[in-house]
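Encoded as structure tokens, the structure appears first; notes follow it.
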Amino acid sequence: MVDDQGSVRAVLFDIDGTLVDSNYLHVDAWQRAFDEVGHPVDAWRIHRAIGMDSDKLLDAVLGDDKTNTGDRAKRLHAEYLTASAVRFRTFPGARQLLSAVDSLGVRAVLCTSAPQDELERLLAVLDAGDAVFAVTSAEDVDQAKPDPGIIRAALGKAGVSAGHAVMLGDTVWDVVAAARAGVPCVGVLSGGISRADLVDAGAIAVYEDVADLLRNLEASPLLPR
């Protein structure tokens with residue numbers, strides 16, 4: 001719960017699937033990588049693991065075969081994703097939501113563990129300018145979500161405690177990681193995860209996408225109270 005009369009001082013924004021339409025490009029890149037290493041995986045299984053730390057994703061979809069093929073699959077995923085990065089697009093309302101949060105005096109922190117080259121592409125597409133207070137990356141943590149490390153790193157960059165922050169994400173792993181760090185999480189459906197799954201994981205509210213959240217911002221958990 002947000003403490004001190006619900007005073008929100010920072011919103012931690014996931015990027016992939018939340019602000020930028022990229023989840024299914026990740027799925028395609030992973031599926032092509034798994035095909036190439038001789039371990040075909042159904043797309044839906046990959047999609048359910050998107051947002052996880054890459055090693056945990058490999059555990060989930062490759063099992064024991066991870067030891068033999070995991071490193072090569074990761075390299076191929078990165079190559080295929082780079083090739084498809086021209087198809088990244090910002091979700092309608094993403095920039096406006098960041099600007100709206102910033103205009104209210106709330107710190108907008110981009111909370112991601114993307115590697116630096118991928119992060120630079122995402123930031124270029126997002127083009128949010130001065131509305132963003134701080135950004136995390138893979139350099140800030142050893143493990144990605146659902147480990148809470150990246151959430152804690154984002155809190156540190158925002159200079160706020162968990163009780164004064166709210167997370168916005170699109171996957172179960174966002175919700176779980178935020179909960180482990182003591183931060184409530186609002187979900188969006190734009191990453192392809194169902195409302196029921198997000199709620200079951202602990203999301204305190206769920207919106208269709210960032211445009212829907214922007215339209216309903218005044219009544220949302222993102223506003224200072």
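Checking every residue in the range 16-27 against the condition of being free of Cβ contacts under 8 Å to residues at least 24 places away in the same chain, in a helix (DSSP H, G or I) and open to solvent by 20 Å² or more (accessible area, probe 1.4 Å) gives zero matches. Just one of the listed residues (ASP102, ASP117) is at pLDDT 95 or above, open to solvent by 20 Å² or more (accessible area, probe 1.4 Å) and of a type in the set (Asp, Glu), namely ASP102. Scanning the range 183-199 for residues that are over 14 Å from PRO146 (Cβ atoms), out of contact with any Asp or Glu (no Cβ under 7 Å at 6 or more places or on another chain) and either surrounded by fewer than 20 Cβ atoms within 10 Å (Cβ to Cβ) or aromatic (Phe, Trp, Tyr) (or both) yields GLY192, SER194, ARG195, ALA196, VAL199.
Filtered by the rule that a residue be open to solvent by less than 20 Å² (accessible area, probe 1.4 Å), within 20 Å of LEU198 (Cβ to Cβ) and assigned to a helix (DSSP H, G or I), the range 42-84 gives ILE46, ALA49, LEU57.
The set of residues in the range 55-106 being farther than 15 Å from VAL41 by Cα, touching a helix residue (DSSP H, G or I) at 6+ places or on another chain (Cβ under 9 Å) and of a type in the set (Gly, Ala, Ser) consists of ALA78, ALA83, SER84, ALA85, GLY93, ALA94, SER99, ALA100, SER103.
Given the options ASP140, ASP127, ASP65, name the one that is over 20 Å from GLY17 (Cβ atoms), modelled with pLDDT under 95 and of a type in the set (D, E, K, R).
ASP65
The values are calculated or read from the model by the stated rules, or taken from the named source; none is laboratory data. As the structure is a computational prediction, the values presented were derived from the model and not from experiment. FYI the Cβ positions are ideal-geometry reconstructions off the backbone, even for glycines, and counts take in every protein chain you see. For accessibility, only protein heavy atoms count, side chains too; no ligands or nucleic acids. Shrake-Rupley method; radii C 1.70, N 1.55, O 1.52, S 1.80 Å.
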